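The values are calculated or read from the model by the stated rules, or taken from the named source; none is laboratory data. Every value quoted in this text rests on a predicted model; they were computed, and no experiment measured them. Heads up, the Cβs are rebuilt from the backbone with ideal geometry, glycines too, and the neighbour counts pull from every protein chain shown. Accessible surface is based on the protein model in full, side chains and every heavy atom, while ligands, DNA and RNA are left aside. Shrake-Rupley method; radii C 1.70, N 1.55, O 1.52, S 1.80 Å.
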Amino acid sequence: QLQASGGGLVQAGGSLRLSCAASGRTFSSNIMGWFRQAPGKEREFVAQITYSGGITYYASSVKGRFTVTRDNAKNTVYLQMNSLKPEDTAVYYCAAYITTAKKYDYWGQGTQLTVSS
């Protein structure tokens, strides 16, 4: 099970860190990703990190502002979000890439981020 947490209400320009904790199984060998879904919009990719944490990839809309990291010992992935904008408002989800399925196929509950202007 994946559980995202850390969302909340923050003013524009502020920062917040999301966490995604795994329980019941380990995802230390999986690529992990963050996605978000704003009201009335489709879910979109935000960031991903390889199992070792050595390679990260970001959506252009968050690059330079968001940082994804992981602590495999804690089975947890983080998303540090800085310089937040109202358009970052969404429900944020973490997911594990399942190699056999060739897609993100294991999803956690989301956490709501609201950025006020």
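Observations, loosely collected:
- Close amide-amide hydrogen proximity is noted between residue 89 and 115, each under 5 Å apart and 5 or more residues distant or on a separate chain (H modeled in the peptide plane; Pro and chain starts excluded).
- Whole-number D in µm²/s for the chain (Stokes-Einstein; Kirkwood sum over Cα pairs; 4 °C, 1.567 mPa s): 92 µm²/s
- Accessible area per residue in Å² at 1.4 Å probe, computed on the chain: 54 Å²
- Label point 7 Å beyond Cα of residue 117 along Cβ direction - residues of region 67-102 with amide nitrogen under 14 Å: 85-89
- Summed residue charge, Cβ within 13 Å of residue 114's Cβ, Lys/Arg positive, Asp/Glu negative: 0
- Converting phi to 3J(HN,Hα) with the Karplus coefficients 6.51, -1.76 and 1.60 and the offset θ = phi - 60°, region 103-117 yields 6, 6, 10, 9, 10, x, 5, x, 10, 8, 10, 10, 10, 8, 8 Hz in sequence order, with x at every glycine or proline.
- Summing charges over neighbours of residue 60, with a neighbour being any other residue whose Cβ is under 15 Å away from its Cβ, gives +1 when K and R count +1 and D and E count -1.
- Rounded to the nearest 20, the size of the Cβ-charge dipole of the chain about its Cα centre is 120 debye, with Lys and Arg at +1 and Asp and Glu at -1.
- FRET efficiency for the residue 74 to residue 102 pair, using the beta carbon distance and R₀ = 25 Å, is estimated at 0.40.
- Apolar share of the accessible surface for the chain: 48 percent from carbon plus sulfur atoms, 1.4 Å probe.
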